[in-house]
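Take a look at the structure set out below.
The values are calculated or read from the model by the stated rules, or taken from the named source; none is laboratory data. Model, not experiment: these values are computed from the prediction. Cβ placement follows ideal geometry from the backbone for every residue including glycine, while neighbour counts extend to all protein chains displayed. All accessible areas refer to the heavy atoms of the entire protein, side chains included, with ligands and DNA or RNA removed. Shrake-Rupley method; radii C 1.70, N 1.55, O 1.52, S 1.80 Å.
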Amino acid sequence: MAACAGDDSDMTDTAWTLGQPDAIARVADPLTIPPHDKDLFRNLVFSTGIGDDRFIRAVDIRPGEPGVVHHAVLQIDPTTDSRQLDEADPEPGFGGMALGASEPPEGHFLGWTPGKIPLESPASSAWLLPGGSDFVLQVHLPATDTTVRLAPMVGLYFSDSAPTDILSRILLANETLNIPPGATDYVATDAMDIPVPLEVLAAYPHAHFLGRTIEVTAQLPDESVIQLLHVANWDFGAQMEYRFDDPFLLPAGSRVTMRYLYDNSADNPLNPNDPPRRVRFGLQSTDEMASRHTLSYAPRNWAARYDLATAMLHQGRPMEAIPYLRLTVQDRPDQAEAWGNLGVALAQTGQLAEAVSAWQRVIAIDDGDIQAHGNIGNAFMA
């Protein structure tokens, strides 16, 4: 799918929240999607249009109108893998929930939801956009009885400064939602223990039409509890990333908890079901979700990042642990234990071939590591 980047004569400074972008990447041809009775996910692949490496301080994602697009996620693929998936699919982009070989920028989550306002990253935490990369924009399209036409574009804002801080991203989520019809106070929670000091910058909650209130708290090591976020009247049409005026330091040993409250009664004017029906976790607009991204400065030394990663792994969060385990083995390629844990995390997320490669690195460092030999044997028997 062709794309272009640069100034856009159709978009003035006032049309962009952060002013005219330094560059604009967009699909060259609008996408036409016929009426459909179920939610669709399409992963649109297009060039960033940036030939050299650039540091990015902000993006403004324009996937389409609210109601036409439920949400969108933007990731980066410096390879040609996602483009090959696009070319193999007769429809624009490619289908499915996986965004090909693309990944989010380190420590950042690039997303669009109705009402979300684009914000600049702190000057110290701009992120690297490799030259010649592709964007992969996943758009979630709710069911519709009309033809949908989309012309997605992404505004890019450059930074002249290399980042000095690495952001970490912690995801709290609950995928066991099972909300009975008529329930007015269904509660969903999730929590994580933080083993290292973290400086919290922002929270980005997400729910669908039944969400009523969202609360995030932190219990400190002295057992005092502070409120990090409270959304009293959740509005699916006005989702936002909430940033602290000043970063908040969470000491090591803190426990962060999210608590979502849902209203699945006929009195909820936003309830998409009349009469109300049982609603579970799912990807359709009429399903529900409970998630919350936390952006925070990551520890600046490899040992502390490794402590954070192993805590994620031991608390059943292998997907979150993988980026920080990769950082650890990148900084300390001779750390057999880190390679071993990376293998475990990869295996738990279904990436078995990469897991075996990680365990082979363990054996290359320490041929006597029985656990690594056993893990490889079990992998080939699976």
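With springs connecting C-alpha atoms under 10 Å apart, model the chain as a Gaussian network and identify which of Asp39, Asp287, Asp52 has the largest mean-square fluctuation.
With Cα springs under 10 Å in the chain, the top fluctuation among Asp39, Asp287, Asp52 is at Asp52.
Label points 7 Å out from Cα along the Cβ direction at Met319 and Ser357: separation in nm?
2.1
Give, rounded to the nearest 20 debye, the magnitude of the charge dipole that the chain has about its Cα centre when Lys and Arg contribute +1 at Cβ and Asp and Glu contribute -1 at Cβ. Kindly include the intermediate steps, with their values, before the conclusion.
On the way: 24 positive and 51 negative charges, 115 e Å.
Using Cβ point charges on Lys, Arg, Asp and Glu, the chain gives about 560 debye.
Provide the per residue accessible area, probe 1.4 Å, for the chain, rounded to a whole number of square angstrom. Kindly include the intermediate steps, with their values, before the conclusion.
Details: 17560 Å² over 382 residues.
I get 46 Å² per residue for this part.
How big is region 138-191 on each of its three principal axes, counting only the C-alpha atoms and giving the largest first in Å?
On the principal axes, region 138-191 reaches 54, 42, 16 Å in Cα extent.
For Val344, Val196, write out the residues from largest to smallest accessible area, computed with a 1.4 angstrom probe and no ligands counted.
On the way: Val344 45, Val196 10 Å².
So, going from the largest accessible area down, we get Val344, Val196.
Taking springs between alpha-carbon atoms closer than 10 angstrom, which of Ala143, Ala309, Ala98 fluctuates most in the Gaussian network model of the chain?
Looking only at Ala143, Ala309, Ala98, the biggest GNM fluctuation is shown by Ala98.
Among Pro181, Ala203, Phe158, whose Cα lies farthest out toward the positive end of the dipole of region 147-214, if unit charges sit on the beta carbon of Lys, Arg (+1) and Asp, Glu (-1)?
Comparing the listed Cα positions along the dipole, Pro181 ranks first.
Can you give me the solvent accessible area of His314 with a 1.4 Å probe, rounded to the nearest 10 Å²?
In the full protein context, His314 sits at about 140 Å².
Roughly speaking, to the nearest percent, how much of region 22-111's 1.4 Å accessible area is carbon and sulfur? Before the final figure, lay out the partial values.
On the way: 2080 of 4090 Å².
Carbon plus sulfur share of accessible area: 51 percent.
Got a sec? Charge dipole of region 138-236, +1 on Cβ for Lys and Arg, -1 for Asp and Glu; which of Thr144, Leu229, Ile214 is way out at the positive end?
So the residue furthest toward the plus end is Thr144.
With each run of n ≥ 4 DSSP H residues scored as -39500 (n - 2.57), what mean residue ellipticity at 222 nm is computed for the chain after dividing by its residue count and rounding to the nearest 500 deg cm²/dmol? Before the final figure, lay out the partial values.
On the way: 6 runs with 74 residues, N = 382.
The per-residue figure over the chain is -6000 deg cm²/dmol.
Between Ala303 and Ala88, what is the FRET efficiency for a Förster distance of 51 Å, r being their Cβ-Cβ separation, to the nearest 0.05? Write out the running numbers ahead of the final one.
Details: r = 43 Å, r/R0 = 0.84.
According to the calculation, E is roughly 0.75.
What is the sum of charges, Lys and Arg at +1 and Asp and Glu at -1, for the other residues whose Cβ falls under 13 Å from the Cβ of Gly64? If you can, show how the numbers build up before the last one.
Values: positive: Arg26, Arg42, Arg62, Arg149; negative: Glu65.
Counting the neighbours of Gly64, the net charge comes to +3.
How charged is the neighbourhood of Lys38? Take every other residue with its Cβ under 14 Å from the Cβ of Lys38, and add Lys/Arg as +1 and Asp/Glu as -1. Each step should come with its number before you reach the end.
Numbers: positive: Arg42; negative: Asp37, Asp39, Asp145, Asp287.
Overall, the nearby charge balance is -3.
Could you give the length gained on full extension between Asn273 and Asp81, defined as 0.36 nm per residue of separation minus the Cα-Cα distance, in nm?
Working: separation 192, 0.36 × 192 = 69.12 nm, distance 4.01 nm.
Working it through step by step, the gained length comes to 65.1 nm.
Given springs between every Cα pair under 10 Å in a Gaussian network model of the chain, which of Ile370, Ile117, Ile56 has the largest fluctuation?
For the chain, modelled as a Gaussian network with Cα springs under 10 Å, the answer is Ile370.
Where Lys and Arg each count +1 and Asp and Glu each count -1, what net charge lies around Ser121 among other residues with Cβ under 12 Å from its Cβ?
Surrounding charge for Ser121 is -2.
Could you sort the peptides 229-242, 75-88 by per-residue average Cβ neighbour count (10 Å cutoff), highest mean leading? Kindly include the intermediate steps, with their values, before the conclusion.
Numbers: 229-242: 15.6, 75-88: 17.4.
Packing order, densest peptide first, comes out as 75-88, 229-242.
Applying 1/(1 + (r/R0)^6) with R0 = 51 Å to the Cβ-Cβ distance of Asp367 and Ala143, what FRET efficiency is obtained, to the nearest 0.05?
Numbers: r = 56 Å, r/R0 = 1.10.
So, using R0 = 51 Å, E works out to roughly 0.35.
Ordering Trp127, Trp302 by how much accessible area each has at a 1.4 Å probe, largest first, what is the list? Don't skip to the end; give the middle numbers.
On the way: Trp127 10, Trp302 65 Å².
So, going from the largest accessible area down, we get Trp302, Trp127.
Identify, among Gln315, Ile170, Leu99, the residue whose Cα sits farthest towards the positive end of the charge dipole of the chain, taking +1 on the Cβ of Lys and Arg and -1 on the Cβ of Asp and Glu, with the dipole about the Cα centre.
Gln315
Determine, at each q value in 0.14, 0.17 (inverse angstroms), the log₁₀ of I(q)/I(0) that the Debye formula gives when each Cα of region 315-382 is one equal point scatterer.
Rounded to two decimals, the profile gives -0.35, -0.52.
Given a Förster radius of 35 Å and the C-beta distance between Asp246 and Thr286 as r, what FRET efficiency does 1/(1 + (r/R0)^6) yield to the nearest 0.05? Can you show the working numbers first?
Working: r = 39 Å, r/R0 = 1.12.
Given R0 = 35 Å and the Cβ-Cβ separation, E is 0.35.
Roughly to the nearest percent, how much of the accessible area of region 172-318 is carbon and sulfur, given a 1.4 Å probe? Please report the intermediate quantities before stating the final value.
Numbers: 3280 of 6620 Å².
The value for region 172-318 is 50 percent carbon and sulfur by accessible area.
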